[in-house]
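The values are calculated or read from the model by the stated rules, or taken from the named source; none is laboratory data. This structure is a prediction, so every number in the text was calculated from the model and none was measured. With ideal geometry, Cβ positions are generated from the backbone for all residues, glycine too; neighbour counts draw on all protein chains shown.
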Amino acid sequence: MDVVLKGKKPELDFPYFGRQSRFYEFFNNCVSLYMSKGGIYAETNSGSNSNIYMFAKKGYKVIANDLSIYSNSIAKAIFTEEKPKYVKSNKWYDEYTKTYDGRAALFASLIDVYGYNPIIPDESNKELENKIKFYLSHIKKIKSNNVKAFKIYNLDLFKYLDELYKDNIFVDVMFMDFAWPWRDGTMTEEYDTTANLFADVVKVENEKVVIWDKSNVMDEVLKAITKAKKVSKYVLLSNQSSNFPTPEILEVTLLRNNINYIARHTMLTDEEYEDDLGKSDFFREYLYVIEGDKK
Ligand SMILES: C[S@@+](CC[C@H](N)C(=O)[O-])C[C@H]1O[C@@H](n2cnc3c(N)ncnc32)[C@H](O)[C@@H]1O
């Protein structure tokens with residue numbers, strides 16, 4: 001499939017660096033080709049959870065995973081009634097850290113107001129409070145649809161894939177959208193900042209998110225595909241024109257390592273509908289379909 005699309009605001013709408021759900025229509029068209037009725041759709045790096053939510057709403061069983069506390073807070077807020085372990089910090093944001101709804105709304109608001117490398121102010125302010133209210137009501141609205149996830153993990157993706165294997169969980173589609181390096185090979189540090197800074201806000205000793213760069217990305221990707229193939233009928237590897245490796249480097253490396261993808265779907269949009277980074281006048285999404293070991 002090769003399509004040209006304009007992005008569209010997702011229904012579950014949290015600010016998230018590298019969020020792909022603007023192109024849900026493209027993903028839905030591709031993913032549906034490989035799903036069985038009532039089958040399991042899983043992701044290794046769920047981020048905003050916007051695509052996960054749409055596939056759950058569509059009736060698939062979904063499995064979310066992301067190492068970031070922000071991503072995990074969104075998933076728990078939207079899909080569960082669970083309460084997190086709360087540690088008092090005597091800061092203005094304490095009341096928001098007691099629930100997953102509060103955490104997700106607080107983190108989203110800090111990003112909206114201060115960007116993807118946010119600061120945490122010593123005192124609250126009107127702008128933040130209004131944003132938090134807005135996201136709390138967004139969560140309430142989404143929750144009223146009563147969409148549930150089959151499972152939610154907050155693990156390093158390699159541990160997550162091992163865990164599925166150990167628990168004999170086999171999925172139709174494992175969608176993998178890594179924290180790819182930028183096209184020039186440098187790390188996308190924003191994930192590191194939000195994950196580690198936000199963990200500090202809620203006093204969680206989480207495993208640090210370590211972002212890949214040009215020097216190790218291909219080794220890690222090959223390792224992840226090998227593990228994912230063990231627990232999936234199809235592995236869908238997602239990459240973007242703004243990232244390293246280039247499609248050519250990625251494809252040659254996959255083929256040289258005996259990973260013969262059975263399809264490559266692509267989507268093209270104008271840069272103006274994208275992140276506005278000013279680095280290119282187009283944005284292209286690549287989706288490689290790789291058969292699992294048991295297929
Ligand atoms: C490109 S984003 C995913 C965006 C997502 N597809 C969306 O549409 O919102 C990459 C994600 O990988 C997560 N991540 C980075 N390293 C990870 C690791 N080792 N294990 C699990 N998640 C990781 C980051 O926290 C980030 O949410």
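State which residue pairs qualify: first residue over 18 Å from Asp177 (Cα atoms) and inside the range 144-165, second residue in a loop (DSSP other than H, G, I, E, B) in any location, beta carbons under 7 Å apart, and separation of 6 or more residues or different chains.
Glu163/Leu155
List every residue pair whose Cβ atoms lie under 6 Å apart, where the two residues are 6 or more positions apart in sequence or sit on different chains, the first residue falls within the range 49-61 and is within 12 Å of the ligand (Cβ to nearest atom), and the second residue, located anywhere, is at pLDDT 95 or above and part of a helix (DSSP H, G or I).
Correct list of pairs: Asn49/Ile74; Asn49/Ala75; Asn51/Phe27.
Among the residues of the range 242-250, is there at least one that is modelled with pLDDT under 95, within 12 Å of the ligand (Cβ to nearest atom) and either closer than 22 Å to Leu33 by Cα or under 20 Å from the mean Cα position of the chain (by Cα) (or both)?
Yes.
Mind telling me which of the residues Lys208, Lys223, Lys159, Lys214 ends up being surrounded by fewer than 20 Cβ atoms within 10 Å (Cβ to Cβ) and more than 12 Å from the ligand (Cβ to nearest atom)? Lay out the reasoning, then the answer.
Values: Lys208 fails: more than 12 Å from the ligand (Cβ to nearest atom); Lys223 fails: more than 12 Å from the ligand (Cβ to nearest atom); Lys159 fails: more than 12 Å from the ligand (Cβ to nearest atom).
Exactly one residue qualifies, and that residue is Lys214.
Just for helices (runs of 4 or more DSSP H) wholly inside the range 8-118: which have at least 2 residues that are among the polar types (S, T, N, Q)?
Details: elements: 24-32, 50-57, 69-79, 100-114.
The helices (runs of 4 or more DSSP H) meeting that bar are 24-32, 50-57, 69-79.
How many of the residues making up the range 10-35 are away from the ligand (no atom under 13 Å from the Cβ) and at pLDDT below 95?
1
Which of the residues spanning the range 194-219 are closer than 16 Å to Asn72 by Cβ and assigned to a helix (DSSP H, G or I)?
Looking only at the range 194-219, we keep the residues that are closer than 16 Å to Asn72 by Cβ, and these are 194-209.
Of everything in the range 194-219, those that are closer than 16 Å to Asn72 by Cβ and assigned to a helix (DSSP H, G or I) turn out to be Thr194, Ala195, Asn196, Leu197, Phe198, Ala199, Asp200, Val201.
Going by the conditions given, is Ile78 buried (at least 24 other Cβ atoms within 10 Å of the Cβ) and aliphatic (A, V, I, L, M)? Spell out the reasoning first.
Numbers: buried (at least 24 other Cβ atoms within 10 Å of the Cβ): yes; aliphatic (A, V, I, L, M): yes.
Yes: the conditions hold for Ile78.
Mind checking whether some residue in the range 83-98 is more than 10 Å from the ligand (Cβ to nearest atom), touching a residue at least 24 places away in the same chain (Cβ under 8 Å), hydrophobic (A, V, I, L, M, F, W, C) and within 25 Å of Glu205 (Cβ to Cβ)?
Yes, the conditions are met somewhere in the range 83-98.
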